[in-house]
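The values are calculated or read from the model by the stated rules, or taken from the named source; none is laboratory data. Predicted model only: the values in this text are computed from it and were never measured. Here the Cβ positions follow ideal geometry from the backbone for every residue, glycine too, while neighbour counts run over all protein chains shown. To get the accessible areas, we keep the full protein, side chains included, count just its heavy atoms, and leave off ligands, DNA and RNA. Shrake-Rupley method; radii C 1.70, N 1.55, O 1.52, S 1.80 Å.
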Amino acid sequence: MPADRIITNARVLTMNPAQPRAEAVAMSGGQILAVGTRAEVEALAGPLTEVMDAHGRTVLPGFVESHLHLGLGGAELSHLHVTGLRGHDALAQAFRSFAQKNPERTLLMAQGADYAMLDHPVTRHDLDAMVPDRPIAMTAHDHHTVWANTAALRSAGILGGLQTPHGHEVVMGADGLATGELREFEAFAPIIALGGETRLNLGIATGAEPSPWPDAAERAIDKAKIHDGLRHCAAHGITSMVNMDGNRYTLELLREIQAEGNLLARVKVPFHLKPHMDLSELDRAEAMTRDFNDEWLQSGFVKMFMDGVVDSRTAFMLNDYPDMPGHRSEPLFTPARFCEVATEIDRRGLQIAVHAIGDAAVRTTIDGYEAAQMANGKRDSRHRIEHIELIDRADIARLGRLGIIASLQPPHPPGALDFPLMPTLERIGTARWPDAYLWKTLAMAGAPVAFASDWPVTDVSVLRGLQAALTRTPFDGCGDERLTLMESLYAYTAGGAWAAHRDHVTGQLIPGMAADIVMLDVDLETTPPAEFGKCAVMLTICGGTVTYRHNA
Ligand SMILES: [Zn+2]
């Protein structure tokens, strides 16, 4: 059988321990046909084979993005981006020029704000001074806080406050009106609605389905944003992704995109279980798992939040926040309830992924996974913890022992890429720095590691993520937590595929597996890691189809 396509004269890093390196790859019918020397592989060329010379550049399995928010990221591509801006004047100028360019928008939304952007906590009055007459808002890079001006609060109907579930808050001022700071999804959902993005936010906000079911015109608007997101990811070499918010609607949109021939990556979408839900709602998770189960679209897992984030002091800690004595925050599930929930999900044969950032949230999650294993017996569950920004030393070995996946984000540690050191590090406190953002220590303890961006929390670029992974410097007095280049690449490919129960399909270049391949514009092994972020993806192939070509 001749090959459809051959990439030759490459530095192929297969991520297959049995054959880690090769010079060429042949593919046929969407699968890898051969991996080997130039002579071996080029012999498979027929008259119709497209042969590409990689000129000694790196070729890898397509990247697996283990934690992102595709619909939100796709929608935000058209928002104002303020990452790295500092001070009132810079922000005001950015908002005003964005307002001028977008006269029709009902909400001017900015992304990528950090908590120390102004020299004081941001209020609606700060934003009013920038744009007084139109609704404007900005989202913190972690997506757990939104700040809105008075016009936006008024249009959204929350200037006078809003009843929200536990853990979500429209912060109120002494004047009896909202200050403009909105903590967690339920508090800022009315602002999101102003921008017309409610449907795409349901998967993270409530886990519910849109009601009434969106008509074809509404679905087309949402599909266009998801497709923008898929194109953006393909340009970064991503061929598989694990969406971390979801509902059935997201999968239905993706299936329509698939039928239209525009599905540029393999996507997994979870059922999002909120604390108030009855366990019988897991029937919906099982239905999603049953109805979407091909090599492109899958569910098969349940996503939950155990806590919030460090910067807003909603991460659940074992010790008091050093800058707020007496405050440790609270878990979104009580430990007993989480054990019950985890055991039931595990009993149904589904995978679990829990957002846990504080060390107490991480412990509560591990306890639940352990309880599930005791109740149901050990199975190939591959339960995961997302983020693990802080962990108690006593819990580290438990990850390896229980086979819990550490889903980690190299761009997230303060100072590693785009995030400032403060206020995160002062909230964590010097005493706990040695246990913050551990990677190598978790891997050495036997935890399987998957790397991700959490896009749009950070840039989805895997090459920038790799740069962060390999150039991060330790906090004062702490150890070096970097993995090696090969270990980091593995966490962005085979490790991610394993963490998604997709290791039989993708993540390694092995004959018979999917032709999911990325070619870079450099030989990564001879490029200084500090320059990785400036390197480019030349070509992305998913299932044998070119999904991105540089300068094409
Ligand atoms: Zn996330």
**Asked** With axes computed from alpha carbons, what is the tilt in degrees of helix 185-194 against the longest principal axis of the chain, rounded to the nearest 10 within 0 to 90?
**Response** 80
**Asked** Fully extended, how many nm does the chain gain between L77 and D128 (0.36 nm per residue separation, minus their Cα-Cα distance)?
**Response** 15.9 nm
**Asked** Got a number for carbon plus sulfur as a percent of the chain's accessible area, 1.4 Å probe?
**Response** 53
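FRET efficiency for H55 and W213, Cβ-Cβ distance as r, R0 = 45 Å, nearest 0.05?
The calculated FRET efficiency here is 0.35.
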**Prompt:** What number comes out for the charge environment of V518, summing +1 per Lys or Arg and -1 per Asp or Glu over other residues with Cβ under 13 Å away?
**Reply:** 0
**Complete:** Length gained if S280 through R231 is fully extended, taking 0.36 nm per residue and subtracting the Cα-Cα distance, is 14.0 nm
**Prompt:** Relative contact order for the chain: what is it in percent, counting Cα pairs under 8 Å that are at least 6 residues apart?
**Reply:** 17
**Request:** Would you mind computing, in nm to one decimal, how far apart the modelled labels at T526 and M486 are, each placed 7 Å from Cα along Cα→Cβ?
**Result:** 1.9
**Asked** How high is the relative contact order of segment 202-263, in percent, with contacts defined as C-alpha pairs under 8 Å that are six or more residues apart?
**Response** 51
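Need one number: % antiparallel among DSSP beta bridges in the chain, to the nearest 5. Intermediate results must be reported in sequence, preceding the final value.
Details: 34 of 72 bridges.
Of all bridge pairs located within the chain, approximately 45 percent are antiparallel.
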**Prompt:** What's the center-to-center distance, using Cα atoms, between segment 394-458 and segment 325-375 in Å?
**Reply:** 18
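Averaged per residue, what accessible area in Å² does the chain show with a 1.4 Å probe, protein chains only?
Per-residue accessible area for the chain comes out at 37 Å².
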**Prompt:** When the label point is put 7 Å from the Cα of R393 along its Cα-to-beta-carbon vector, which residues of segment 475-505 have a backbone N closer than 14 Å?
**Reply:** 478-479
**Message:** Whole angstrom only: what separates the Cα centroid of segment 463-484 from the Cα centroid of segment 33-59?
**Reply:** 35
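How much length is gained if the chain between K534 and E104 is pulled fully straight, taking 0.36 nm per residue apart and subtracting their Cα-Cα distance, in nm to one decimal?
This chain segment gains 151.3 nm when fully extended.
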**Request:** Whole Å is fine, so just give me how far the alpha carbon centre of segment 218-241 lies from that of segment 259-285.
**Result:** 17
**Message:** What FRET efficiency comes out for E40 versus D294 if R0 is 35 angstrom and r is the Cβ-Cβ distance? Round to the nearest 0.05.
**Reply:** 0.65
**Message:** Based on DSSP loop calls and a cut-off of at most 16 other Cβ atoms within 10 Å, the longest stretch of the chain free of exposed GluC sites (Glu not before Pro) is what?
**Reply:** 296-552
**Message:** 7 Å from Cα along Cα→Cβ at both N319 and M1: what's the point-to-point distance in nm?
**Reply:** 5.9
**Using a Förster distance of 56 Å, the FRET efficiency for A336-M172 (Cβ separation, nearest 0.05)** = 0.95
